[in-house]
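Engineer: Input: one structure, supplied below.
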Amino acid sequence: MVVDSIYSDYAPVYDAIGQWRFSAHMADWALRWLDSSGVSAPRVLDLACGTGAAALAFARAGCTVVGMDQSAAMLTIAQGRARDAGYNIAFYEGDIRSLNDELRTMNDDSCSDGFDSSLIAHRSPFDLVTCFADSLNYQTADGDLDRVFAGAAAALGAGGHLVFDLNSEAEYTTWDDRDVVTHDGRDYLVYNKLSYDPATRLASGRIVWFVRETELWWRGEETHTQRAWSETEVCSALWRAGLALVGRFDAGGSEIAEEVQDVTRVVYIARKE
């Protein structure tokens, strides 16, 4: 998976049309859930942080935040947004599948300007690790979930929580060679051509966008590939990483039972014992 190749030219479009809003919503929801459970999260690591929406939401709540993403273009926007908002958020470029290695090599030079070296992740465990906006569906190879969850477990302190969401196969079965208009505005037009192969459980989204500059429109496109991870695969990978499943929720925040095949997006909360 080479994330930078698909979130390079599209990064400013992604941010401009507000596709970051779900991550911001999930960050606020996660904090409310933790608070209702009597849990605080003063230190947060946001994986696949994109243009920084969730990281900024955590910073507004008073958390110390580190964001990590493989796309340099997305991180540039995130750094600008944090700087404009006056937050000292450390953004780090790295592959979330190699989190263990990335945490060991974090240093002042590899992080954004103003990063406090006393906050380097391996010196002080995180209370909360998050990964939002179906970013884990982009991990398409066998073993990818194990690698991400193992890294998250290593980053968490005892009793810390991992919160993430995944598109389920129920969502991808709706990707039946159809076109969906994602945004239709004055200066941006974005649509997706969606398809899904149940045999491989791989979904494809061909994103095409048009951006207006004065009276001219500029076209771009990327193809994104995602994987439908089964409930068994998710729970098994959490268990192997030493993370205990606390609960499952739908995108609206309602807790769901063990049977999740009809839920299109599942939010998971796990705890490091």
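The values are calculated or read from the model by the stated rules, or taken from the named source; none is laboratory data. Note that the coordinates shown come from a computational prediction; the quantities given were computed from them, not determined experimentally. As a convention, Cβ positions derive from the backbone with ideal geometry for all residues, glycine included, and neighbour counts pool all protein chains shown.
Engineer: So Leu216 ticks every box in (1) exposed (fewer than 13 other Cβ atoms within 10 Å of the Cβ); (2) in contact with a Gly (Cβ under 7 Å, 6 or more places away or on another chain) but one. Which box is left unticked?
Structural biologist: So Leu216 meets the others, but not (2).
Engineer: Something else: Of all residues in the range 80-98, how many are buried (at least 20 other Cβ atoms within 10 Å of the Cβ) and in contact with a strand residue (DSSP E or B) (Cβ under 6 Å, 6 or more places away or on another chain)?
Structural biologist: The number of residues fulfilling the criteria is 5.
Engineer: Would you confirm whether any residue within the range 233-247 is surrounded by 14 or more Cβ atoms within 10 Å (Cβ to Cβ), closer than 28 Å to Ala155 by Cβ and touching a Gly at 6+ places or on another chain (Cβ under 8 Å)?
Structural biologist: No, that holds for no residue.
Engineer: Can I ask one more? Under the condition of being in a loop (DSSP other than H, G, I, E, B) and either touching a strand residue (DSSP E or B) at 6+ places or on another chain (Cβ under 9 Å) or not assigned by TED's automatic domain parsing to the domain that holds Trp20 (or both), which residue from the range 99-130 is modelled with the lowest pLDDT?
Structural biologist: My answer is Phe115.
Engineer: Shifting gears a bit: Going through the range 219-257 one residue at a time, which ones are closer than 17 Å to Gly151 by Cα and part of a strand (DSSP E or B)?
Structural biologist: The answer is Leu243, Ala244, Leu245.
Engineer: Further question on the same structure: Just a yes or no: is a residue in the range 258-269 closer than 23 Å to Ile6 by Cβ and in a loop (DSSP other than H, G, I, E, B)? It would help to see each step written out before you state the result.
Structural biologist: Within the range 258-269, the first condition is being closer than 23 Å to Ile6 by Cβ, and the residues that meet it are 264-265.
Still in the list and also in a loop (DSSP other than H, G, I, E, B): 264.
Yes, the conditions are met somewhere in the range 258-269.
Engineer: Scan the helices (runs of 4 or more DSSP H) fully inside the range 1-73 and keep the ones with 3 or more residues being on the phi < 0 side of the Ramachandran plot and at pLDDT 95 or above.
Structural biologist: Correct list: 11-16, 21-36, 53-60.
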